1. Go through segment 85-104 and give me each residue that's of a type outside the set (Ser, Thr, Tyr), within 23 Å of Thr48 (Cβ to Cβ) and buried (at least 21 other Cβ atoms within 10 Å of the Cβ).
2. Regarding Phe165, is this residue touching a residue at least 12 places away in the same chain (Cβ under 8 Å) and within 20 Å of Thr16 (Cβ to Cβ)?
3. Would you confirm, using the coordinates I've provided, whether Tyr109 is away from the ligand (no atom under 16 Å from the Cβ) and modelled with pLDDT of 95 or more?
4. Which of the residues spanning segment 139-195 are surrounded by fewer than 21 Cβ atoms within 10 Å (Cβ to Cβ), closer than 12 Å to Ile126 by Cα and among the charged types (D, E, K, R)?
Amino acid sequence: MSKYVGTRMFEFVTETWNPVIGCKHYCCYCWSRRLVETRLKRIYRDFTPRLIEKRFRYRPKAGSLVFVCDMGDLFGDWVPREWITRVINFTKSFPETTFLFLTKNPARYIEFIDEFPSNVILGTTIETDRDDLYRKYHISRAPLPSERYRAMLEVKDRRPELRRFVSIEPILDFNLGTFVKWIKDVEPCMVAIGYDNYSNKLPEPPLGKTLKLIDELEKVTKVVRKTLRKAWWENSYIQAYL
Ligand code: SF4
């Protein structure tokens, strides 16, 4: 791992760049916070959002796909405008490189919508279409899935030519028809789907249902399969908790 990169979240990403780290969404499954507060504690101290000046010395390779900020949310409401503008300006300096953003607050893309160059992909995480499940299990303090969906529609409306991406990870139980419709409406260039990797005992859908979702989405976009397995409860007698 170079001093500029973090752990690799997506196989299709060639490099990861973390000019800003830290997050206040408090997702119950957050691996970044755990990593920063344990193995990487000596490097980062804690998960307080901050800009890391020396990371701007990074020089991405032409042709690479760089995942920006996998150890925080660059578009969180708490992030100063100047930090985001600096990162966007950086992406403009490397037009041969593609930069992938991923946020749980895509409404903030709107604030910068006219500033994004064509070499960025605007991504959001939408783990489910079910706001009720999100609330019931206290999944995160981030905007609800339905709010992210609506924000991505506005992004599409304002800059239809910019590529969009949806991460359905870690997947939570969903309504098949509604969820498929949401993704079709957003028209992402790619979707990544995977189960939780860290035994968080989330309200997961059964594997068969997830495979149906993948079948439907493959009709309209590229689907990257990540961790696919049975729901943690499928092998146990606890099947009726949802
Ligand atoms: S948005 Fe990402 S970095 Fe922030 S708390 Fe959630 S999982 Fe962690």
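1. Val87, Phe101, Leu102, Lys104
2. For Phe165, the condition - touching a residue at least 12 places away in the same chain (Cβ under 8 Å) and within 20 Å of Thr16 (Cβ to Cβ) - is met.
3. no
4. Glu147, Arg150, Asp173
The values are calculated or read from the model by the stated rules, or taken from the named source; none is laboratory data. These figures come from a predicted structure and were not determined experimentally. Glycine also receives a Cβ, built like all others from the backbone with ideal geometry; neighbour counts cover every protein chain displayed.
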